[in-house]
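Notes follow once the structure below has been shown.
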Amino acid sequence: MEYNYERLSDDISIAVSDEHTFGTDAVLLSYFAKPKYKDKALDMGTGCGIIPLLWLRDSRQTGIHCLDIQQNAFEQVKNSIEHNSLGDRLTPHLCDLRNIQEEFSAECFTLVTMNPPYKPINTGIESLGESARIARHEVCCNIEDAVKAAAYLLTYSGRFCMCHRPERLVDALDMMRKYKLEPKRLRFVVDKTGEEPFLFLVEGKKGAKPFLRVEPTLVIKNEESRFTKEMLEIYGSYADGYEDKVR
């Protein structure tokens, strides 16, 4: 398969393809969930591997894992690992999170993330390509599948972070409580101040007591349709030299 490479920092580039690329949602989730150096972290449904590769821009970050159900995504992440010599810092897995116990033992991670498919099956216009269809529609994974897998994987007080569309917020919070991942942080994302949110970011903690903190709304663009100061900080060195990314 042919790949293009996008620079994420001076040290790391990511392989992207027509089948597996990334958008702003994944970048925001990576920032929201940022692991601590002591964390053992796993990104589920990793696609091209953008979330763990953004974490690894920090040279001190190690012990990261990612998984995907699609063979072509798995091979693409392996390409990025080889291209950047990250074999000792990032481990990919080819597996179905609905059968997560076949790949991992219980309670082996302190942080799990997922940018899940947003669209239920038979809603909206389904993508023509099979890879895009799996990534965008709940063909192989829905919210409950993701939360259930995270609950199995996380140690006590471990964190699960995900993003989704606002209309699915109640579904997400309900499932997190069902599987004892108490929602602790919630943040909405808007394109510009005054607009309705198009995304939420949520963190649940395994076994925690109820108390939800709603963080300030994350605004992507200012009045001039350029990235806000916070968005520039989120993109970091990825935005350097890419004028189209700061408009």
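A 31 angstrom limit on the alpha carbon distance is what I want to check against. Which of Lys180/Lys229; Lys36/Lys148; Lys38/Lys229 exceed it?
Lys180/Lys229
Once phi is turned into ³J(HN,Hα) by the Karplus curve 6.51 cos²θ - 1.76 cosθ + 1.60 with θ = phi - 60°, what whole-Hz value does each residue of the range 84-95 show in order, with x for glycine and proline?
In residue order, the calculated couplings are 9, 6, 10, x, 8, 10, 9, 10, x, 9, 9, 6 Hz.
What fraction of the DSSP beta bridges in the range 1-98 is antiparallel, stated in percent and rounded to the nearest 5?
The answer is about 30 percent antiparallel.
Among DSSP beta bridges whose residues both lie in the chain, state the antiparallel percentage, nearest 5.
Of the beta bridges lying entirely in the chain, close to 45 percent run antiparallel.
Short version: ³J(HN,Hα) in whole Hz for each residue of the range 99-112, in order, from phi by Karplus 6.51 cos²θ - 1.76 cosθ + 1.60 (θ = phi - 60°), x for Gly and Pro, what are they?
Result, rounded to whole Hz: 10, 4, 5, 6, 10, 10, 7, 5, 6, 10, 10, 9, 8, 10.
Which value results when the Cα radius of gyration for the range 4-182 is divided by 2.2 N^0.38 Å?
Dividing the Cα radius of gyration by 2.2 N^0.38 Å gives 0.97.
Read phi for every residue in the range 207-221 and hand back ³J(HN,Hα) as whole Hz from Karplus 6.51 cos²θ - 1.76 cosθ + 1.60, θ = phi - 60°, with x for Gly and Pro.
Values, residue by residue: x, 7, 7, x, 4, 9, 9, 8, 7, x, 4, 8, 9, 7, 10 Hz.
Roughly speaking, what is the stretch gain from Thr24 to Val170, that is 0.36 nm per residue apart minus the C-alpha to C-alpha distance, in nm to one decimal?
50.3 nm
Just from its helices, what would the mean residue ellipticity at 222 nm be for the chain, if runs of 4 or more DSSP H residues each count -39500 (n - 2.57) and the sum is divided by every residue, rounded to the nearest 500 deg cm²/dmol?
After summing the helix terms and dividing by residue count, I get -7500 deg cm²/dmol.
What does the charge add up to near Ser157, with Lys and Arg as +1, Asp and Glu as -1, over the other residues with Cβ less than 9 Å from its Cβ?
Local net charge: +3.
Can you sort Ser80, Ser105, Ser13 by how many other beta carbons sit within 10 Å, fewest first?
Ser105, Ser13, Ser80
Starting with the fewest neighbours, write out Cys161, Cys95 ranked by other beta-carbon atoms found within 10 Å of each beta-carbon.
Cys95, Cys161
So who's got an amide H within less than 5 Å of the one on Arg185, skipping anything under 5 residues away but keeping other chains? H placed 1.01 Å off N, in plane.
Here Glu203, Arg213 satisfy the definition.
Name the longest site-free stretch of the chain, where the excluded sites are chymotrypsin sites (Phe, Trp or Tyr not before Pro) in a DSSP loop with no more than 14 other beta-carbon atoms within 10 Å.
Free of exposed loop sites, the longest segment is 38-197.
Which of Tyr152, Ile81, Ser17 sits closest to the plus end of the dipole of the chain, meaning its Cα is farthest towards the positive end, when Lys and Arg get +1 and Asp and Glu get -1 on the C-beta?
After comparing all options, I get Tyr152.
Throughout, read-outs are computed from the coordinates displayed, never taken from laboratory work. These numbers come from a predicted model, not from an experiment. Don't worry about glycine lacking a Cβ; one is built from the backbone with ideal geometry, like all the others, and counts go over all protein chains shown.
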